[in-house]
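A quick write-up on the structure given underneath.
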Amino acid sequence: MRREPDIDLSPTVSDAVKFTTCYMCACRCGIKVHLRDGQVRHIEGNRNHPVNKGVLCGKGASGIMQHYSPARLRKPLKRVGERGKSAFVEIEWDEALAIATQWLSAIRRSDPKKLAFFTGRDQSQSLTGWWASEFGTPNFAAHGGFCSVNIAAAGLYTIGGAFWEFGEPDWDRTKYFMLFGVAEDHDSNPIKAGLAKLKARGAKIVSVNPIRTGYSAIADEWIGIRPGTDGLFVLALIHELLHADKIDLDFLVRYANAHWLVVQSPGAADHGLFARDADGEPLAWDAREKALVKAGSVDIAPAVVGEFALADGRKAVPVFQLVAARYMDARYSPAAVAARCGVSADAIRRIAAELAETAFEQTIELDVEWTDWAGRKHDKVVGRPVAMHAMRGVSAHSNGFHTCRAIHLLQALLGAIDCPGGFRFKAPFPQAIPPTQKPAGKSVSANAPLGGAPLGFPMGPEDLLVEPDGTPIRIDKAFSWEAPLAIHGMMHMVIANAWRGDPYPIDTLFMYMANMAWNSSMNTARVIDMLTDKDADGGYKIPHFIYSDAYFSETVAYADLVLPDTTYLERWDCISMLDRAIGSADGPADAIRQPIVPPDRDVRAFQTVLLDLGARLGLRGMTDEDGSPKYPGGYSDYIVNHQRAPGVGPLAGWRGEKGEAYGRGAVNPKQLEAYVDNECFWRHELAPEQKFYKFANRRYLEFAADMGFVRSAAPIVIQLYSEPLQKFRLAAEGHGPIQPPDDLRQRVKAAFDPLPFWRPPLEEQRVDRSVYPLHALTQRPMIMYHSWGSQNAWQRQILGRNKLYVATTTARMLGLADGDWVRAFSHNGAIKVQIKTMDGVNSDTVWTWNAVGKRSGAWMLAPDAPEARKGFLLNHLISEHLPRLTEGRRLSNSDPITGQAAWFDLRVRIEKCGPGDETTQPQFAKLPRPPGLGPPPSVHRRGAAFARRSR
Ligand code: SF4
């Protein structure tokens, strides 16, 4: 008899398993980390986790190589030579913290604004923002202004939430899903799993994107739109729906401000504002009673068209009339926009018809009883099964804010917001429109906290952070007339402004996880120059630069003091409802990270270091009355014991002395243990009656108020027409005590339209399009997350270099063949790269993968690694400033409303290179490695020893 070979089909791979949260991208999936002999051996997805339900992507699995990266910093470093030379000595933590405390306390004693504290893709912004506020500087933000603030701001000023972390498509019910400008990076696992569900159910996926990769490649229909024209395309869809009378008018008057009356008095200070009664309540016209009524009254028959006289004789029209008048105009017809968008008029008409057919002929009705904000009972929820999602492709343009608003207008016209089959909010959203928190920083005092959070939501010019003469208060000029609604700050302008001393010089630049000397800056070479530039007296123009990173990134070499961070598997962390939570449409959730292994280097978690520095500086929130540290146990101590409001702390789960409460409750000393016992996350399932129409759902709103998500259970009314925008426009027209400087009046007036509109991106308006005929874009690859991934030994085996992708037809016209080397020129510079031809790209567009190119010597890669010699950054072509039209104010290359970095506006031309060296340009001097790091390994292996032991 033949014996089966003795094979262990399920070998034990580990002797311990710990749960935590992935940090290989921003999705925050739950993971199980397998340990063998105290070493990380294997990572798998947590099947019970609400974000990924067991799915683990290649990035997540590669976390092992991130954790064991040879580029990990090992000890604090102090600069002893010139910046940029990695001329450091290793120092002890006590010395490092003493230096930082000395610099920072001197600033705090004189002018706290002289500290610019900016973080990159960190997930602890509720801590870092609070720290800045306690320190007293308004100069704080994270990388949102560089990334997708247009998405966030447009959503928060229109529907009370936005795409990605604020909401999600109803993956289980959507029948028609439109993606706008979504590459494979953001919300990675949830979108992939969601698309799989749509595919399985036969729902239609339409991807609007100049580039057909990733999600666009598996879409049922790819719209290869010209970059920067998405807004025009969406407004043409709206034009078609309005002409076909395919809109949900009932939704618009129940849940939006379609019927609110807008004062019509051109030239007057109240023109375009809502007509309000003596209580300040917006008014509507009741067509049945033929009378003015409070717009929020129940059981009225509000007019949506017409002109009505107010009590004082002024005229007013409903918002919907303005909407119809604008978008039914022929300039938004498919025929009028087709050529500009690169999408045929027939395709636009067909997609509009498909949207209407899905929304209104394939309606979903769920037998779910619910009660609206006014107490009216409903026996079902009605769904319009059209969902949308948008990301950086529409956001990173200087017209992105209005494009995102246009998408929300389209959703509202279809009645497809927070309903079955539509886009649905994730708690803590929706919130008041806009959220009630104002940016703090109008007055900054020595040795005093800021008096509020540095970032917030202006409602009008009175909330701007400007001096009486209009000078920006913040170093990045966020919340100034150059970017009034810069709710995520303008990180891309910090170094340039600080270097120029515009609006003032700073003393210390303090950054965390922000690779500003490489892929996180526009105009990288200039940023390097600025970091190393000196005054006449020989001192650096930016005198002090403190930087914290876990790895030897390009930026480390430019710091004066380096505070080495841990990896994500070595620390406590908190994915907080106060920050960027991980809930779903069916319920709020948050999570933690726990240390899986202790650090084997002399490194400390940045969050713990920040709290330590806060205590050394004597910051109010971080010291007890006797001056001792309030959180001596570091970040985990803070996570458990900090209260932002009574009973509200970083974590919502297991609050109360015995862990009996959630949301609000006393501090629970065993809260972290409870999270660890529950696989490091907490989740609350909403009752069926709370899950839809959250903006008007009494039971949900009461719950949200109890939890502290919103201040009251008042209904949240979708703002098709935005009064805050009109207030800024009125100021630009000369009304009110706070007005823009004269040279910005026209810009503000044009940008702050209370209804969405489209205009060409600003760079396109300022360069000669015949000289720079092509758009140039970047995308992040599915396999990587910013520059971390492209140093990861497993991930870089998949993509170790990048090429410039050019449409096959365009290449042919330019006399280029696949593999040719070209120079790409912009108004800002030139690069030399190799091209790859492809069919799935808009013919006016070239593009490449983001952040693959590396500086020679950095990240402990070999000096001649393909990332350094063949890889490249498009960033060298992008300027942080717009091309000059006239002398005078130098404007940032940003959306004029939100300050979003407009790096997708880039225009280029490409020319074939003659034969020669096949190395990308520009090249920079090799970065010497700092002390403590050995020579780069030629091969970086993990796991072979485990396999041998298993045999
Ligand atoms: S999607 Fe992001 S968070 Fe989730 S497993 Fe992949 S890398 Fe980790």
Computed ³J(HN,Hα) along the range 152-169: with the Karplus parameters 6.51/-1.76/1.60, θ = phi - 60°, integer Hz and x for glycine or proline, the list is 5, 5, 4, x, 5, 8, 10, 10, x, x, 8, 6, 6, 6, 9, x, 8, x
Farthest towards the positive end of the dipole of the chain, among LEU882, LEU906, VAL368 and with Cβ unit charges of +1 on Lys and Arg and -1 on Asp and Glu, lies the Cα of LEU906
Theoretical FRET efficiency, 1/(1+(r/R0)^6), r = Cβ-Cβ of ARG331 and SER105, R0 56 Å, to 0.05: 0.45
Carbon and sulfur atoms: what percent of the 1.4 Å accessible area of the range 804-947 do they account for? 50
Give me a comma-separated list of calculated 3J(HN,Hα) values for the range 891-903, in order, Karplus coefficients 6.51, -1.76, 1.60 applied at θ = phi - 60°, integers in Hz, x for any Gly or Pro. 8, 6, 7, 8, 5, x, 9, 9, x, 3, 4, 9, 6
Suppose we keep just the DSSP beta bridges with both residues in the chain; what percent of those would be antiparallel, to 5? 65
Between ARG47 and ARG890, the two model label points (7 Å from Cα along the beta-carbon direction) sit apart by a distance in nm of 5.8
Would you kindly derive the ³J(HN,Hα) couplings of the range 506-515 from the backbone phi angles with the Karplus curve 6.51 cos²θ - 1.76 cosθ + 1.60 (θ = phi - 60°), listing them in order in whole Hz, with x for Gly and Pro? 10, 9, 10, 9, 10, 10, 9, 6, 10, 7
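Which of rounded, prolate, oblate describes the range 260-320, given a ≥ b ≥ c as roots of the alpha-carbon gyration tensor eigenvalues and a/c under 1.5 marking rounded, otherwise prolate only if a/b is larger than b/c?
In terms of gyration-tensor shape, prolate.
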Past 29 Å, Cα to Cα, is the threshold; run LYS377/LYS438; LYS438/LYS534; LYS114/LYS534; LYS803/LYS926; LYS78/LYS114; LYS114/LYS870 against it and keep the listed order. LYS377/LYS438; LYS438/LYS534; LYS114/LYS870
What residues have an amide H closer than 5 Å to that of SER548, excluding those fewer than 5 places away on the same chain, when H is modeled at 1.01 Å from N in the peptide plane? MET511, TYR512, MET513, LEU563
Is the chain rounded, prolate or oblate when judged by the Cα gyration tensor, a ≥ b ≥ c being the square roots of its eigenvalues, rounded requiring a/c under 1.5 and prolate requiring a/b larger than b/c? rounded
Taking the chain and dividing mean pair separation by its residue count, relative contact order in percent (alpha carbons under 8 Å, at least six apart): 17
Counting pairs of alpha carbon atoms under 8 Å apart in space and at least six apart in sequence, what relative contact order in percent does the range 728-774 give? 32
Enter the angle in degrees (range 0 to 90, nearest 10) between the Cα long axis of helix 345-361 and the first principal axis of the Cα atoms of the chain, meaning the one along which they spread out most. 80
Carbon + sulfur, % of accessible area of the range 679-769 - ligands and nucleic acids excluded, 1.4 Å: 45
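Given the DSSP H assignment, sum -39500 (n - 2.57) over each helix run of at least 4 residues in the chain and divide by its residue total; what's the result at 222 nm in deg cm²/dmol, nearest 500?
After summing the helix terms and dividing by the residues of the chain, the value is -7000 deg cm²/dmol.
Just the number, please: carbon plus sulfur as a percent of the accessible area of the range 182-333, 1.4 Å probe, no ligands or DNA/RNA counted.
54
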Between ALA374 and HIS881, what is 0.36 nm times their sequence separation minus the Cα-Cα distance? Round to one decimal in nm. 177.6 nm
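So what is the accessible area of the chain per residue, in Å², with the probe set to 1.4 Å?
Roughly 34 Å² per residue, with all protein chains present.
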For LYS290, which lysines qualify as cross-link partners when the Cα separation must be under 21 Å and same-chain residues fewer than eight apart are set aside? LYS315
Sketch the reach of a paramagnetic label on ALA193 as a point 7 Å from Cα along Cα-to-Cβ, and name the residues of the range 44-86 whose backbone nitrogen lies under 15 Å away. 44-58, 60-61
Extension gain (nm, one decimal) between ALA311 and SER10, 0.36 nm per residue minus Cα-Cα: 100.3 nm
Testing the spin-label approximation: label points 7 Å from Cα along Cα→Cβ at SER938 and ASP706. State their distance in nm. 6.6
Each label point is 7 Å from the Cα along the Cα-to-Cβ direction; what then is the distance between the points at ALA945 and ALA817, in nm? 5.0
Using 0.36 nm times the number of residues separating GLN921 and ASP367, minus their current alpha carbon distance, what extension gain do you get? 193.2 nm
So what's the gap between the Cα centers of the range 776-792 and the range 629-694, to the nearest angstrom? 34
What is the calculated FRET efficiency for LYS78 to LYS836, with r their C-beta to C-beta distance and R₀ = 51 Å, to the nearest 0.05? 0.70
The range 359-470: relative contact order in percent, alpha carbon pairs under 8 Å with at least 6 residues between: 19
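The values are calculated or read from the model by the stated rules, or taken from the named source; none is laboratory data. Every value quoted in this text rests on a predicted model; they were computed, and no experiment measured them. No Cβ is skipped: glycine too gets one built from the backbone with ideal geometry, and neighbour counts run over all protein chains shown. Protein only, heavy atoms only, side chains kept; ligands, DNA and RNA dropped before computing areas. Shrake-Rupley method; radii C 1.70, N 1.55, O 1.52, S 1.80 Å.
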